[in-house]
Amino acid sequence: MELKVYNSMTQQKEVFEPKTPGKVGMYVCGVTAYDLSHLGHARAAVSFDILYRYLQHLGYEVTYVRNFTDVDDKIIRRANELGENPLSLSDRYCQEYLVDMADLQCLPPTHQPRVSDHMEQIKDMITQIINNDCAYVVEGDVFFAVDKSTNYGQLSGQKLEHNRAGERVAVDSRKRNPADFALWKAAKPGEPSWDSPWGPGRPGWHIECSAMSAHYLTFKFDIHGGGIDLIFPHHENEIAQSCAACQESSVGYWMHNGHVTNNNEKMSKSLGNFFTIRQITERYHPLALRHFLISAHYRSPLNYTVLQLESSSDAVFYIYQTLLDCEVALSSAQEGSLKDEIEKKGGKVAPITKSAEDCISKLRSEFQTRMSDDLNTSPILTGAFQDALKFINSSLNLLKKKQPKKQQLSMFQSLVEVEREVKDVLGILGLLPPGTYSEVLEQLKEKALKRAGLVEDDVLRLIEERVTARKNKEFSKSDQIRADLTTKGIALMDIGKETIWRPCVPVEPEPEAPPAEKEQKAATTAATGEEQRLDDEPWTAFTHGPS
């Protein structure tokens, strides 16, 4: 299938065709490193990591560049507040960002340039712009002359008169046009500076991305990405600068991810309503956060709620529990009664079942269709993907039952191939865990206990209390223990004579029943022995997938 992506420049989906067949150049605006990164930064990183992974899956050789802004007004202000060297502060937060990206399983880009390491390229580009009569020097500052950009506003649709001084650009009476913006800022006392033909100073914000993208990808490359808030003025100014430096400058596709919102308001540092990535991953597994971030289309607003994160955490637990069960069963089969047959035949031991063929075909088709349609990840982890997990669980139950060896071998091979397809999808989405399934499941359980304000010994003690209550026919007490834990995100499950626990989406406690209803329920419980339970069912009875 042809990959179609939404181009912000043309405001429509277009078939992706790179400038050089088989190769893709992609530049994505990174973070300004003056603090820990928040969920908005995580969404941008994960969105373009998905694109990076999918392009590689399609066979492209991708050069992916994501920059760090490590010289900036915000960095200088924060460093002054903390009494720290600005470059030391920004270096520290660049490193913290990389830790967050590793936690979220974002692949390292091909290049991660920093502004402070590319001053020569920035000064060379400014010189080109001045020589092309599109910028001017005033007392050591260099301003871009927006009047010289005939197509200014082509990306955003903004007009020059909308670029009001004091809002989008600094007020400065020395400018020829109030909308002109700084390419180079003259040095001020106590600020980092570099020598230049116009005197000591530092670059403006917009010029850095134009210079670094041209340095690593040339003036013509395929994809330029970033958050939707960067369309104006940052990306608009990038286009103006790059075209002023080189008339042949062009970007094939401008791609932008939507905001993360909190109570439907944009989440940002300036509004003070943001959560850092660390604040979330202290309570939720990073893979649960990644699942949440791809649960909506990358261009759509994504509203942060605790329930959404709980649902994502529950979903990834179900995925990894299913894969662990499958891994254990396949390993047991290879070491048990099927061992000789598997070794004898080697490789593919038997034809897979028709239902397995259909499952794989449907999953592959749905995945390709959704991803080819502007990376529509939102429905991928439901639908055919969930059907594949259900197929694995039902097949595991069948594999335990006595069947003719030929059927067992066919079921074994079916599980192998469906599992492989599921893992392929998870790999492209960046949701395959870095360690074993068991390790991730334990980590998910630890996070659930932390959110519940419990330790595992507390849960085991309550399980024992519940067992005792049931033996004593104190069913109301037994039910209450289970219900109280469920409200805290801990589900108890009776499997045979054993009770185990797993995380779940917290369930709101039921409202107090009227006295007459209570009496009726008590009478029913006394007659039946207990409320209807899912006792003595296999594990898969409790794994329903995403809530």
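Some observations on this one:
- Whole-Å semi-axes of the ellipsoid equivalent to the chain (Cα gyration tensor, √5λ, descending): 54, 29, 19
- Computed helical MRE - 222 nm, the chain, DSSP H runs ≥ 4 contributing -39500 (n - 2.57), nearest 500: -15000 deg cm²/dmol
- Over the stretch 369-468, equivalent-ellipsoid semi-axes from the Cα gyration tensor in Å: 31, 25, 12
- Positive contributions from Lys and Arg (+1) and negative ones from Asp and Glu (-1), summed over other residues with Cβ under 14 Å from the Cβ of A33, come out at -3.
- Sequence ranges 398-407, 47-56, ranked by mean other-Cβ count within 10 angstrom, highest first: 47-56, 398-407
- The chain - charge dipole about Cα centre, Lys and Arg +1 at Cβ, Asp and Glu -1, debye rounded to 20: 780 debye
- Think of the chain as having a plus end and a minus end, set by charges on the Cβ of Lys, Arg, Asp and Glu; of T32, Q12, G59, G59 sits farthest toward the positive end of this dipole.
- The lysine pair tally for the stretch 1-144, using Cα distances under 30 Å and a gap of 8 or more places or different chains, is 7.
- Each of the GluC sites (Glu not before Pro) that DSSP puts in a loop and that has at most 12 other Cβ atoms within 10 Å breaks the chain; the longest unbroken stretch is 283-511.
- Cα gyration tensor category, rounded, prolate or oblate, for the stretch 13-130 with a/c compared to 1.5: oblate
- Relative contact order (percent, whole number), the stretch 245-387, Cα cutoff 8 Å, 6+ residue spacing: 23 percent
- Global geometry of the stretch 91-228, whether rounded, prolate or oblate, following the gyration tensor of its Cα atoms and the 1.5 cut on a/c: prolate
- Classified by the C-alpha gyration tensor, the stretch 183-250 has a prolate form. Its axis ratio a/c, with a ≥ b ≥ c, is 1.5 or above, and a/b is larger than b/c.
Values quoted throughout were computed directly from the atomic coordinates according to the rules given, and no laboratory measurement underlies them. Keep in mind that what you see is a predicted model, and the values were worked out from it rather than measured. Cβ sites come from the backbone with ideal geometry, for glycine too, and all protein chains shown count toward neighbours.
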